[in-house]
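To keep things clear, I will list the structure first and then write my remarks on it.
The values are calculated or read from the model by the stated rules, or taken from the named source; none is laboratory data. This one's a predicted model, so the numbers in the text were calculated from it and none came from an experiment. Reconstructed Cβ throughout: ideal geometry from the backbone, glycine too, with neighbour counts over all protein chains shown. Side chains included, ligands, DNA and RNA excluded: accessible areas come from the protein's heavy atoms. Shrake-Rupley method; radii C 1.70, N 1.55, O 1.52, S 1.80 Å.
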Amino acid sequence: AGHLPPYLDGVEVEVAPGLPLGLGPAASYEETRLFLRPGQCLVLVSDGVVEAANGKGELLGFERMRSLAAKPAAE
């Protein structure tokens, strides 16, 4: 699992903490519903994204991820 909260227009969305998916058949999960307006952008990432490193070994990190989440995909 390792999924982080999603970003809505570059702002982290508060969601209930939970166990990794598929942990057990009796597990229950809290739902969060988001309603997007035209033009809004929802970005879902895993921990592997923020831990990705460039050629210099610098991690992408949360701040850069937040910044990227606020930009259109074409950028």
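Side notes on the structure shown:
- Being at pLDDT 90 or above and in contact with a helix residue (DSSP H, G or I) (Cβ under 8 Å, 6 or more places away or on another chain) is a property that GLY57 lacks.
- Against the conditions (1) open to solvent by 60 Å² or more (accessible area, probe 1.4 Å); (2) at pLDDT below 90; (3) out of contact with any strand residue (DSSP E or B) (no Cβ under 8 Å at 6 or more places or on another chain), ARG66 satisfies every one except (3).
- For the stretch 1-21, a residue qualifies if it is over 17 Å from GLY48 (Cβ atoms), open to solvent by less than 80 Å² (accessible area, probe 1.4 Å) and either modelled with pLDDT under 85 or in a loop (DSSP other than H, G, I, E, B) (or both), and the qualifying residues are ASP9, GLY10, VAL13, VAL15, ALA16, GLY18.
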